[in-house]
Amino acid sequence: MRRSDDILQVMMDASADEIRRDLKVLLVKRLRLRGVPPESIADGDPLVKGPLGLDSIDVLEIAVAVEERYGFRVSDESLNQEAFQSIASLAEFVRRNLTTTDASQPSCDETGA
């Protein structure tokens, strides 16, 4: 999936707060958390076995959503690290990957993969 250059630039310029808000909305929509307003998710609450009751399958779903939304690949190693501990740690992971991702790198659409 090819990411839009405009979305990439906006997200690279986004503050940590904006990325956290975006991730909360993404999480609620992707996991279909009915009755959970995104703003009710605390930045530091654990994603797994926390108030939301998420499990490892949910983390995989979040990883796919992050890949699709932000246009970079989430490695298997990242799933086992602190990146998916909380919204705050996930936002920092996204921010780091957006700033280190080479925007000139061809997408799958361009390489035919």
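Bear in mind that the values in this text are calculations on the coordinates, not laboratory data. It should be emphasised that the depicted structure is a prediction, and the values quoted were computed from it without experimental measurement. Neighbour counts are summed over all protein chains in view; Cβ atoms, including those assigned to glycine, are modelled from backbone coordinates with ideal geometry.
Dipole magnitude for region 5-101: computed about the Cα centre from +1 point charges on Lys and Arg Cβ and -1 point charges on Asp and Glu Cβ, it is near 300 debye.
Residues whose amide H comes within less than 5 Å of that of residue 45, counting only those at least five positions distant or on another chain, are 87 (H built at 1.01 Å from N in the peptide plane). Projecting the Cα atoms of 26, 97, 72 onto the charge dipole of region 5-101, computed from C-beta unit charges around the Cα centre, puts 26 farthest toward the positive end. Under a 5 Å amide H cut-off, with hydrogens placed 1.01 Å from N, residue 54 pairs with 49 among residues at least 5 apart or on other chains. Seen from residue 83, the other residues with C-beta closer than 10 Å to its C-beta sum to a net charge of -2, counting Lys and Arg as +1 and Asp and Glu as -1. What does the net charge come to around residue 21 if you take all other residues with beta carbon closer than 12 Å to its beta carbon, with K and R at +1 and D and E at -1? Net of charged neighbours comes to -3.
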